[in-house]
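Right, one structure below, let's go through it.
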Amino acid sequence: MRWVKSGDVRLAVYEEGDPGKPVVLLLHGYPDTHRVWDEVAALLRDRFRVVRYDVRGAGASSPPHDRRDYGFDRLIADLGAVIDSLDVPRVHLVGHDWGSLQGWEALGREGIGREGIGGRLASFTSLGGPGLRQAGDFFRNGRRRDVAAQRLRSWYIGAFLLPVLPELAWRSIMPRLVSRTLRRGEGVTPRPGHPADTMAADGRNGLWLYRRNMPDTLGDPGLDPRLPGVPVQLIEPTRDPFVTPALTAVAGRWAPELWRRKIVAGHWVQRSHPETVAGMIGEFVEHVEGAPAGRELGRARARGAFGGRLVVVTGAGSGIGLATARAFAAHGAEVVCADIDLDAAKQAVDAIGRDLGGTAYAVRVDVANADQMENFSRNIISEYGVPDIVVNNAGIAVAKRFFDHSLDDWRRTIDVNLWGVVHGCRLFGAAMAERGQGGHIVNVASLAAFAPSRLLPAYSASKAAVKMLSDCLRAELADQGIGVSAICPGFVSTAIARNAAYPTESMREAAVRGLARRGYPPERVAAHILRAVHRNEAVVPVNLEGKIGYVLSRVSPRTMRGVARLSAVAENREIMGNDRSYRRR
């Protein structure tokens, strides 16, 4: 520990690690001190020269004589004084909370320290949202719904701007409240150093961070939110109660070199997930220093609604699966096209590359085969990484009455339609949960999941099971930041009718003609799938009959059973009128 002078303030600076390695400067937020970084610093010090300091008025650093001297001008001067004291040309800055806000502001300033900003900051990693300049533009020009949601989360800012009352709160309830929030809200056990013994005083002093910077910076439309071309890594804790995803997303508009990554964690992510945070910081710094980008880091820079995401789609050789694979690829995702027909999967991959300029990989797998699915998931994770999105789409149909179903009909239908989904959810879902960065699972069910049919007992039973499995998984995986959606299309113009098993060929021809006349393309189902992932929707009935069936199944199940009985009359006439064996019965 040593002291650095900045104006009338003495800053307590702490160093560890190899002096010859690149400098990683960790900047804490409010109401923390440098000790909030203890776990991350311990993980980085063997690879870097790690520097931390207590900001003015926090921890061991002295407060300014004039409490108004907490404006960004003073804070950026402190940062420059610390960098000047290191005697290195460049540093890699990492900021959390108010440390992050200082970093964003430093990027937007003309200069920092002895030289211009381009020569001092090699990179910047932000744990949280964008800076106040970018947030100000968001509040002025963002969608009203998004702005309103962020204002609700930012209620405490207005409270901190009040006179006297916040100081009284920090002298009484606030220290206990912060400790309880850490323990109950974040799952983090308080330890020596965090929260700091000085937290009550730090909290009172730090109120002036808000009072001096929030009104001036957020409310000034003349401040330019654009940033220079410094590499920026934005690590988004998906459960941060203070920052909405909409606010975080605006960083991509202003940072020309942005890598965006997510961790399923709360506000104090460096305390709850130090290994993940340290790994992301270290990988990013080493890449900026010249090392090749790893798979995950490389994807973090991709653009598009699903840019950089790895998506696995089963049954991707045709129909809904093919349309879904193409839709994700069109929005920037890398897609694994899996199908039991390898030639069809290869054709899908070729079309994605030729028509969309996308990246896709063809793999053969029988989703009903547990061993093949084990090998499939293991190979995908080893070669391409843990998928961000898995679409369990592969399915088959048998269109016969119950007593005409053989045991093989039941086994094959359940194996593909249900066990295929179970395998995909179990294998890839476990990898998503272990990675700790969230994800999404899409299970393609059907209108048949809630609309009984006397001609589709095995198919309907399997799809109803898929829907219920999706509901169960959604509840179980929510804490892991993994969404689960059940997609329930009505009649869609795909090859499923032609490939289904029927008691008569005339019924096959009639079903094929019926789906063709319905004219609902699989591309529209794919659009619903992408929207379900984006919005994290639970159950998505698709097209008119799907939506009507879903509503009736909830409002009047008896009506649905009546419709099934009436449809059975027409089915029986079709069967008996076109098949002599049935007429003889």
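Residue-level check: of (1) under 17 Å from His267 (Cβ atoms); (2) surrounded by fewer than 17 Cβ atoms within 10 Å (Cβ to Cβ), Phe160 misses just (2).
In region 414-435, the qualifying residues are those that are charged (D, E, K, R) and open to solvent by 50 Å² or more (accessible area, probe 1.4 Å), and the one that is farthest from Lys463 (Cα to Cα) is Glu434. State whether one or more residues within region 40-52 are at negative phi, acidic (Asp, Glu) and within 34 Å of the chain's Cα centre (by Cα). Taking every residue of region 40-52 in turn, at least one turns out to be at negative phi, acidic (Asp, Glu) and within 34 Å of the chain's Cα centre (by Cα). Scanning region 540-557 for residues that are within 12 Å of Leu447 (Cβ to Cβ) and outside any helix (DSSP H, G or I) yields Val540, Pro541, Val542.
Would it be correct to say that Ser485 is in contact with a strand residue (DSSP E or B) (Cβ under 6 Å, 6 or more places away or on another chain), polar (S, T, N, Q) and under 18 Å from Ile320 (Cβ atoms)? Taking the combined requirement at face value, the residue satisfies it. Looking across region 354-370, the residues that are in contact with a helix residue (DSSP H, G or I) (Cβ under 9 Å, 6 or more places away or on another chain) and either assigned to a helix (DSSP H, G or I) or not small (Gly, Ala, Ser) (or both) come down to Asp355, Leu356, Thr359, Tyr361, Val363, Arg364, Val365, Asp366, Val367, Asn369, Ala370.
Here the condition is being of a type in the set (Phe, Trp, Tyr) and under 18 Å from the mean Cα position of the chain (by Cα); of Phe284, Phe328, it holds for Phe328 alone. Within region 502-511, the residues that satisfy the criterion of being closer than 23 Å to Glu545 by Cα and buried (at least 17 other Cβ atoms within 10 Å of the Cβ) are Tyr502, Met507, Arg508, Ala511. One residue is enough: does region 227-241 have a residue meeting the conditions under 30 Å from Val164 (Cβ atoms) and touching a residue at least 60 places away in the same chain (Cβ under 8 Å)? Yes, region 227-241 contains a residue that is under 30 Å from Val164 (Cβ atoms) and touching a residue at least 60 places away in the same chain (Cβ under 8 Å).
For every residue, the table says whether it meets (1) open to solvent by 60 Å² or more (accessible area, probe 1.4 Å); (2) out of contact with any Asp or Glu (no Cβ under 6 Å at 6 or more places or on another chain).
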position: Val164; (1), (2): yes, yes
position: Leu168; (1), (2): yes, yes
position: Ser172; (1), (2): no, yes
position: Ser179; (1), (2): no, yes
position: Gly206; (1), (2): no, yes
position: Asn213; (1), (2): no, yes
position: Gly219; (1), (2): no, yes
position: Ala246; (1), (2): no, no
position: Ala251; (1), (2): no, yes
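Residues that are touching a Phe, Trp or Tyr at 6+ places or on another chain (Cβ under 6 Å), in a helix (DSSP H, G or I) and open to solvent by 10 Å² or more (accessible area, probe 1.4 Å) are absent from region 77-93. For region 225-244, how many residues are charged (D, E, K, R) and either open to solvent by less than 60 Å² (accessible area, probe 1.4 Å) or assigned to a helix (DSSP H, G or I) (or both)? Of the residues in region 225-244, 2 are charged (D, E, K, R) and either open to solvent by less than 60 Å² (accessible area, probe 1.4 Å) or assigned to a helix (DSSP H, G or I) (or both). Hey, can you tell me all the residues within region 22-68 that are among the aliphatic types (A, V, I, L, M), open to solvent by less than 40 Å² (accessible area, probe 1.4 Å) and assigned to a loop (DSSP other than H, G, I, E, B)? Within region 22-68, Val55, Ala58 qualify.
The set of residues in region 460-488 being out of contact with any Ser or Thr (no Cβ under 6 Å at 6 or more places or on another chain), open to solvent by 10 Å² or more (accessible area, probe 1.4 Å) and touching a residue at least 60 places away in the same chain (Cβ under 8 Å) consists of Lys467, Asp471, Arg474, Gln480.
Restricting region 331-353 to residues that are touching a residue at least 40 places away in the same chain (Cβ under 8 Å), within 20 Å of Ser377 (Cα to Cα) and open to solvent by 10 Å² or more (accessible area, probe 1.4 Å) leaves a set whose member that is nearest to the chain's Cα centre (by Cα) is Glu334. Under the condition of being under 18 Å from Ala305 (Cα atoms) and open to solvent by less than 40 Å² (accessible area, probe 1.4 Å), the residues counted in region 354-372 number 2.
Within region 436-455, restricting attention to residues that are farther than 12 Å from Asn392 by Cα and free of Cβ contacts under 8 Å to residues at least 60 places away in the same chain, the residue that is surrounded by the most Cβ atoms within 10 Å (Cβ to Cβ) is Ser446. In region 186-216, the residue that is nearest to Pro237 (Cα to Cα) out of those that are touching a residue at least 12 places away in the same chain (Cβ under 8 Å) and among the β-branched types (Val, Ile, Thr) is Val188.
In region 401-413, the residue that is nearest to Val442 (Cα to Cα) out of those that are open to solvent by 40 Å² or more (accessible area, probe 1.4 Å) and not acidic (Asp, Glu) is Arg412.
If the condition is being in contact (Cβ under 8 Å) with a residue 12 or more places away in the chain, surrounded by fewer than 20 Cβ atoms within 10 Å (Cβ to Cβ) and not charged (D, E, K, R), then region 373-385 contributes Asn379, Ile381, Tyr384, Gly385.
In region 143-157, the residue that is nearest to Phe242 (Cα to Cα) out of those that are surrounded by 13 or more Cβ atoms within 10 Å (Cβ to Cβ) and of a type outside the set (Gly, Ala, Ser) is Arg153. Can you report the number of residues in region 253-265 which are surrounded by fewer than 20 Cβ atoms within 10 Å (Cβ to Cβ) and in a helix (DSSP H, G or I)? The total comes to 1.
The values are calculated or read from the model by the stated rules, or taken from the named source; none is laboratory data. These numbers come from a predicted model, not from an experiment. Cβ: placed from backbone, ideal geometry, glycine included. Neighbour counts: every protein chain shown. For accessibility, only protein heavy atoms count, side chains too; no ligands or nucleic acids. Shrake-Rupley method; radii C 1.70, N 1.55, O 1.52, S 1.80 Å.
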